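First up is the structure itself, then whatever we jot down about it.
The values are calculated or read from the model by the stated rules, or taken from the named source; none is laboratory data. What you are looking at is a predicted structure, and each value in this text was computed from that prediction instead of being measured. Here Cβ is always computed from backbone atoms with ideal geometry, including for glycine, and neighbour counts include all displayed protein chains.
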Amino acid sequence: MAVLAAGLVLDRSAPESGRPAAPTASRTDSRAEAPSGAAPNARPAAPPASAPDTVTPPPETGGDPEPDAPLPPNAVTGQAQVIDTATLKVGGKVVHLFGVEWVRGGQAEELARYIGNRSVTCQPAPGSANMNCLVDGRDLSEVVLFNGGGRAAPEASPELVAAEDHARSERLGVWKR
């Protein structure tokens, strides 16, 4: 069923600018191959894995992250170990993703394949004990919720709630039932 849903998403065409549609427009799959150097946030080829990567990143919604912006002293960066779809271990520290509540049946293995060997950077979310974690400029909370890997927490931003709504309407992940 996930393959069918992914195929339907892939059949939709992106706007002529090559960038995915805004969150309020129809959603497109940003995993489509882009020409080399086309987008700074384009996901590089995933390292070989035993199973295919079935995690779909949500459409890009914001501007490009500032590449040379200094990280706060309490930020953590490094390889990530996925504990569950709302919890990672990054640089030896356990971090909880901002706006995500783990749900039994969340796809931790798929998230681990999505992250692969790429570095994850986590910064404290303002007003929360949880963290905003990025891989290649992509918000992991949004990736998890967009693919049905959990539920949006009460503190979740409107973008995260919209990502959960997408998974719910497409019956992805925990919303298959």
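Scanning segment 51-68 turns up no residue that is over 18 Å from ASP139 (Cβ atoms) and modelled with pLDDT of 65 or more.
Restricting attention to segment 123-177, the residues that are within 13 Å of the chain's Cα centre (by Cα) and under 22 Å from LYS93 (Cα atoms) total 15. The condition of being surrounded by fewer than 16 Cβ atoms within 10 Å (Cβ to Cβ) and either in contact (Cβ under 8 Å) with a residue 60 or more places away in the chain or over 22 Å from ASN74 (Cβ atoms) (or both) holds for only one of PRO158, PRO126, that being PRO158.
If you go through segment 139-165, how many residues are of a type outside the set (Gly, Ala, Ser), closer than 20 Å to THR121 by Cβ and not in a helix (DSSP H, G or I)? Number of matching residues: 1.
Name the single residue, out of those in segment 72-87 being outside any loop (DSSP other than H, G, I, E, B) and in contact with a helix residue (DSSP H, G or I) (Cβ under 7 Å, 6 or more places away or on another chain), that is surrounded by the most Cβ atoms within 10 Å (Cβ to Cβ). For segment 72-87, the residue satisfying everything is ALA80. Considered as a group, the residues in segment 88-118 that are part of a loop (DSSP other than H, G, I, E, B) and under 14 Å from the mean Cα position of the chain (by Cα) include one that is surrounded by the fewest Cβ atoms within 10 Å (Cβ to Cβ), and that residue is ARG118.
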